[in-house]
Amino acid sequence: MKKITLLMLLVLIASCVGEDYFGYSSYGNIKSISLSNQASNAQINNDSLQVIVEIPSGVDLSTIVLTELVLSSFASADTAIGDTLNLETPQFIVITAEDGTKYNWKIKSFIATANPQLDNYDLNQWYKTSADYFEPGIDATSTIWGTGNPGTQILNKLATTPLDLGSSNLAAKMETLDNGKLAGTFGAPISAGSIFTGVFNSDNIDPTNPQAAIEFGTPFIGRPVKVKFKYAYQPGDENKNKDGDLLDYSDACDVYALLEVRSGGKIERLATAWFRNEEVQNELTTKELEFTYGALDDSFPDYMKPIEGRYVSKDSASFVLPTHVTFVGSSSYDGANFAGAIGSLLIIDDVEFVYE
C-alpha cells in the first residue's frame with residue numbers, strides 16, 4: 001500500500017507541475033476554455049495564440065459568455081468567467097504571465113454543421129504522452145477522448161492501447177488486466193480497458209473509485225437517430241467480483257452513447273443508446289444502436305437509466321438540442337466496481353452518428 005500511495009503522490013505532484021521553470025514563470029497559455037452554446041471542444045493553438053470555437057447556427061454571437069478559463073500556473077487574464085464576448089468579430093483576451101509578459105490571445109468562432117460527428121471519430125489519431133504511452137487524439141489540449149490509463153499506468157498497466165489494423169487504420173483496444181496481488185489485497189484486483197468522451201482529471205485520482213477522476217462528456221449539438229461503430233469482443237474465462245469470488249455469469253462489454261442537456265450545474269438526459277454484450281465476436285463487425293429520446297420506460301433495464309432519474313421534459317424531448325454527448329466503451333461492464341474477467345478484450349473503431 002505504501003508503494004501505491006507513493007506512486008500516487010508522484011503522479012499528483014507531476015500533474016500539478018506542468019510547466020517547469022526557475023524564478024518567475026513566463027508562461028501565458030490558455031489550457032482550457034469553454035463558452036456558452038459551443039458545439040464542440042474549443043481548438044487551442046499555443047503557437048499562434050488563437051482559440052477557435054464552434055457555435056451552432058442561429059445563436060446570437062454577440063452574447064456569448066465565458067464559462068471556463070484555465071490558464072498557466074500563476075498567470076492572470078483581463079477577462080473573467082461570466083463576461084460576455086461579442087464573437088460577431090474576433091475578440092481578444094490578454095493573458096499576463098507571472099513575470100509580467102503579456103500574451104494577446106485571439107478568440108474567434110465559426111458556425112457548426114447541422115449533423116456533427118465526434119472529433120477523431122475513426123480513432124486514427126493517437127498522441128504520445130509525457131509518460132511515454134499513447135492516448136487518442138492529436139494532442140492532450142485538443143482531444144475530446146480519454147481513457148483510464150492515467151490512473152493505471154502508475155501500476156505499469158495500460159488497459160487501453162491503439163491497435164494497428166493496417167493501411168494507417170487504428171482502433172482502440174481495451175483489455176481487462178490483472179492489477180496484481182498487492183492491488184487486489186486493497187480491493188482493486190483488475191483494471192478494465194475503457195475509452196470515453198471527456199477528461200481524466202489526475203487531481204481527482206482515487207484508487208478505490210476508478211471513475212472519480214473522469215469528467216464524462218464533450219460539447220455536442222446534433223440530434224442523431226443512431227450511433228454506429230465497429231467492434232469485436234471476447235470475454236475472459238473467469239468473471240469475478242472485487243473480492244475475487246467467481247460469478248455464475250459471463251463478463252460483458254459496455255458501449256453506450258448519451259445525449260445530455262447541461263445547464264446551471266444540472267444534467268438532464270435527452271437520449272440513450274446502449275449495448276451490453278457477453279457474446280463472442282471475433283471479427284470486427286458494424287453495430288448500429290437507435291437513440292431513444294426522452295425518458296426510458298420499464299421495458300428498459302435499470303442500468304440504462306440516469307442514476308438521479310433526470311430527463312429533459314417530455315415536451316422538449318422531441319425538439320431540444322443537446323449540449324453534450326457522452327460516449328463510453330469498456331471491456332468489462334462492471335469494471336468501475338473492480339468486477340470483471342481478466343483477459344476480456346474489446347476493440348472499437350469508427351464511431352459515427354447517423355442522421356435522418
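The values are calculated or read from the model by the stated rules, or taken from the named source; none is laboratory data. Just so we're clear, the structure is a prediction, and the values are computed from it rather than from any experiment. We place every Cβ from the backbone using ideal geometry, glycine too, and count neighbours over all the protein chains shown. Please note that ligands, DNA and RNA were not included when accessible areas were found on the heavy atoms of the full protein model with its side chains. Shrake-Rupley method; radii C 1.70, N 1.55, O 1.52, S 1.80 Å.
Odds and ends about this structure:
- Criterion: within 14 Å of VAL325 (Cα to Cα) and out of contact with any Ser or Thr (no Cβ under 6 Å at 6 or more places or on another chain) - qualifying residue of ALA273, ALA252, ALA232: ALA273
- If you go through segment 107-118 and pick out every residue that is at pLDDT below 95 and open to solvent by 30 Å² or more (accessible area, probe 1.4 Å), you end up with 7.
- Flag for LEU123 being of a type in the set (A, V, I, L, M, F, W, C) and either in contact with a helix residue (DSSP H, G or I) (Cβ under 9 Å, 6 or more places away or on another chain) or open to solvent by 20 Å² or more (accessible area, probe 1.4 Å) (or both): no
- Of the set (1) under 20 Å from the mean Cα position of the chain (by Cα); (2) open to solvent by less than 30 Å² (accessible area, probe 1.4 Å), all apply to GLU352 but (2).
- Yes/no for ILE95 being open to solvent by less than 50 Å² (accessible area, probe 1.4 Å) and touching a strand residue (DSSP E or B) at 6+ places or on another chain (Cβ under 9 Å): yes
- Filtered residues of segment 132-152 (kept if farther than 22 Å from LEU49 by Cα, open to solvent by 50 Å² or more (accessible area, probe 1.4 Å) and without any contact (Cβ under 8 Å) to a residue 24 or more places away in the chain): ASP132
- Scanning segment 62-75 for residues that are over 24 Å from the mean Cα position of the chain (by Cα) and open to solvent by 60 Å² or more (accessible area, probe 1.4 Å) turns up THR63, PHE74.
- GLU279 vs. criteria surrounded by 17 or more Cβ atoms within 10 Å (Cβ to Cβ) and at pLDDT 95 or above: no
- Residue count for segment 246-267 under the criterion of being in contact with a strand residue (DSSP E or B) (Cβ under 8 Å, 6 or more places away or on another chain) and open to solvent by 50 Å² or more (accessible area, probe 1.4 Å): the result is 4.
- Taking the conditions (1) surrounded by 21 or more Cβ atoms within 10 Å (Cβ to Cβ); (2) more than 19 Å from THR161 (Cα to Cα) in turn, VAL225 satisfies each one other than (1).
- Under the condition of being open to solvent by 40 Å² or more (accessible area, probe 1.4 Å), under 24 Å from GLY184 (Cα atoms) and not hydroxyl-bearing (Ser, Thr, Tyr), the residues counted in segment 313-344 number 3.
- Of all residues in segment 185-222, those being in contact with a helix residue (DSSP H, G or I) (Cβ under 6 Å, 6 or more places away or on another chain), at pLDDT 85 or above and open to solvent by less than 20 Å² (accessible area, probe 1.4 Å) number 1.
- Count of segment 282-312 residues, restricted to those that are among the aliphatic types (A, V, I, L, M), part of a loop (DSSP other than H, G, I, E, B) and open to solvent by 40 Å² or more (accessible area, probe 1.4 Å), is 2.
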